[in-house]
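Here the structure is laid out as structure tokens; the discussion comes afterwards.
The values are calculated or read from the model by the stated rules, or taken from the named source; none is laboratory data. The shown structure was predicted, so the numbers you read here are calculated from the model rather than taken from an experiment. Cβ sites come from the backbone with ideal geometry, for glycine too, and all protein chains shown count toward neighbours. What goes into the accessible areas is simple: the full protein's heavy atoms, side chains included, and nothing from ligands, DNA or RNA. Shrake-Rupley method; radii C 1.70, N 1.55, O 1.52, S 1.80 Å.
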Amino acid sequence: MRTAYSVETVRTAERELMARLPEGALMRRAAAGLAAVCAELLGRVYGSRVVLLVGSGDNGGDALYAGARLARRGAGVTAVLLAPERTHAGGLAALRRAGGISVEPGAAEPLVRRADLVVDGIVGIGGKGGLRPDAARLAELAADSRAAVVAVDLPSGVEADTGEVHGTAVRADVTVTFGTHKPGLLIDPARAYAGSVRLVDIGLDLPDEAELEALQHVDVAARLPRPGAESDKYRRGVVGIAAGSARYPGAAVLAVSGALRGGAGAVRYVGPAADAVIARFPETLVSDKGPKHAGRVQAWVVGPGAGDDASAVAEVLASDVPVLVDADGLRLAGRDAVRGRGAPTLMTPHAGEAAALLGVSRESVEGARLASVRELAGLYGATVLLKGATTLVADAGGGAVRVNATGTAWLATAGSGDVLSGLAGSLLAAGLSAPDAGSVGAYLHGLAGRFAADGAPAGAHDVAAAIPEAWRDVRD
């Protein structure tokens, strides 16, 4: 599992490690990893032109020591010093001994425009509130140049703990981060500034519980339901789908399509789109008696395409089994009704729906996704899956937030969320916890989106059809 830790946790671990090492050893260890990645990007180090953007913190020192290593291999290295009087003295001395030079920001433009590689060491993991004007100008110069841009630990201008970006920030092609990932490297909007992230192990001793965690194939495979020799459809779980309306029958069909491929043994459908569901999926069990009288289920999905059917939402929330609430159901589900449930609840809003529930603008949610998903989970006492380019899953009980980035931009298509609801609801019925059902569902859904699109547009029905391929890919 990939993990990310807060700035406070990382700094504590660094202090503990530095106390056991000779002075400066940890920085030189980090710089060696940074220089190795830079050399790999350059291909030919000798004769290359490297510009270091150096602030006053330890990131600037990392950049200077790495620059010294490159200079000793024949690169022409120039450090642009944003705060000459507060530049890391040891790093600057090492660079100069290796033949590198330093200049002030006013001389940066022609150097950056001719550079083969720009190393961003402007601001470290403690940076907040955006870049100052002189640093922002350097970030813009780097973005406009033909050089590859490497960020030290994280791109300057993004906030390490929150993933928020205030104003101009460095857009890196590669970010070399030390010891562990930082939350801002895994979540939007900051993730888009990081490029490819390379982790350099510097020997930090970190606690078991992280700030963020991202499932990998092996983690998902370990959580997938597996029928045994004695399994039948009821032992595998039955998921109920209360979705669709006369106006939106397709939402019911798509939710059922995801549920049928999510590991449960059977799918019950309740709602006005039964004819459309049966026509597409004859194996579905249908009922016209409402959720309360539909028959045995181990989990419910309610809300996709439901319109204003508040009664179905109320009946489902009153049940004693896990419930996934999506789309119209989010609007119709009262906060007290959700908080008062004895069984787990998984809510799956996109940014606009989350904004409506929180009473803020969509832009506020998109700019502070980590804070928003945590706040919503706390308000409703539920597990919340916040959809987006990176999906976040937060549990009301706290702990690490799960982050998923397996998707593709082609998943931004009508009905894709309905498929995810059915898939995650089926995983709930199969026995997964709400955090696991949400994060495993998002992972499989994202992979299915990639397989379905394969570089071209794909519809939600294509995504549903690709779920078995994603499942097999994870299990292999």
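A few remarks follow.
- Any hit, region 175-196, residues being of a type in the set (Gly, Ala, Ser) and closer than 20 Å to Gln298 by Cα: no
- Residue within region 253-261 that is out of contact with any Asp or Glu (no Cβ under 8 Å at 6 or more places or on another chain), surrounded by fewer than 19 Cβ atoms within 10 Å (Cβ to Cβ) and basic (Lys, Arg) present: no
For (1) over 21 Å from the mean Cα position of the chain (by Cα); (2) without any contact (Cβ under 8 Å) to a residue 60 or more places away in the chain, each residue gets a yes or a no:
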position: Val401; (1), (2): no, no
position: Asn404; (1), (2): no, no
position: Ala409; (1), (2): no, yes
position: Ala424; (1), (2): no, no
position: Ser433; (1), (2): no, no
position: Gly438; (1), (2): no, no
position: Leu447; (1), (2): no, yes
position: Pro468; (1), (2): yes, no
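- Scope region 5-56; condition of a type in the set (Phe, Trp, Tyr) and open to solvent by 80 Å² or more (accessible area, probe 1.4 Å); matching residues: Tyr46
Residue by residue, here is whether (1) acidic (Asp, Glu); (2) open to solvent by less than 10 Å² (accessible area, probe 1.4 Å) holds:
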| position | (1), (2) |
| --- | --- |
| Ala108 | no, yes |
| Leu111 | no, no |
| Asp116 | yes, no |
| Val123 | no, no |
| Arg146 | no, no |
| Val158 | no, yes |
| Val176 | no, yes |
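- Among the residues of region 335-353, those that are open to solvent by 60 Å² or more (accessible area, probe 1.4 Å) and in contact (Cβ under 8 Å) with a residue 12 or more places away in the chain comprise Arg335, Arg339, Gly342, Pro344, His350.
- Residues in region 273-297 that are of a type outside the set (A, V, I, L, M) and surrounded by 22 or more Cβ atoms within 10 Å (Cβ to Cβ): Pro291 only.
- In region 197-236, the residue that is farthest from Ala442 (Cα to Cα) out of those that are among the small types (Gly, Ala, Ser) and part of a helix (DSSP H, G or I) is Ala222.
- Counting only residues that are under 24 Å from Val158 (Cα atoms) and among the charged types (D, E, K, R), region 84-115 holds 4 of them.
- Contact map, region 376-393: residues that are of a type in the set (Val, Ile, Thr) paired with residues that are assigned to a loop (DSSP other than H, G, I, E, B) and open to solvent by less than 10 Å² (accessible area, probe 1.4 Å), Cβ distance under 6 Å, separation 6+ or inter-chain. Pairs shown: Thr390/Ile187.
- Residue count for region 274-304, restricted to those that are part of a loop (DSSP other than H, G, I, E, B) and more than 24 Å from Ala343 (Cα to Cα): 5.
- Tally of residues being open to solvent by less than 20 Å² (accessible area, probe 1.4 Å), within 22 Å of the chain's Cα centre (by Cα) and of a type in the set (A, V, I, L, M) across region 299-329: 2
- Test: residue in region 446-453 that is closer than 12 Å to Leu411 by Cβ, part of a helix (DSSP H, G or I), basic (Lys, Arg) and open to solvent by 40 Å² or more (accessible area, probe 1.4 Å): yes
- Scope region 354-386; condition of a type in the set (D, E, K, R) and open to solvent by 40 Å² or more (accessible area, probe 1.4 Å); matching residues: Arg362, Glu363, Glu366, Arg374, Glu375
- Selection of region 201-247 for residues being open to solvent by 40 Å² or more (accessible area, probe 1.4 Å), at pLDDT 95 or above and within 30 Å of Gly271 (Cβ to Cβ) yields only Arg223.
- Listed here are the strands (runs of 3 or more DSSP E) enclosed by region 77-196 that have at least 1 residues being touching a Lys or Arg at 6+ places or on another chain (Cβ under 6 Å): 174-178.
- Residue, farthest from Gly334 (Cα to Cα), within region 246-298, restricted to residues that are polar (S, T, N, Q) and within 33 Å of the chain's Cα centre (by Cα): Ser257
- Of the criteria (1) buried (at least 24 other Cβ atoms within 10 Å of the Cβ); (2) in contact (Cβ under 8 Å) with a residue 40 or more places away in the chain, which one Gly90 fails: (1)
- Among the residues making up region 43-74, those that are within 29 Å of the chain's Cα centre (by Cα) and assigned to a helix (DSSP H, G or I) are Asp58, Asn59, Gly60, Asp62, Ala63.
- Filter pass, Val103 being among the aliphatic types (A, V, I, L, M), touching a strand residue (DSSP E or B) at 6+ places or on another chain (Cβ under 8 Å), in contact (Cβ under 8 Å) with a residue 24 or more places away in the chain and loosely packed, with under 15 Cβ neighbours inside 10 Å: yes
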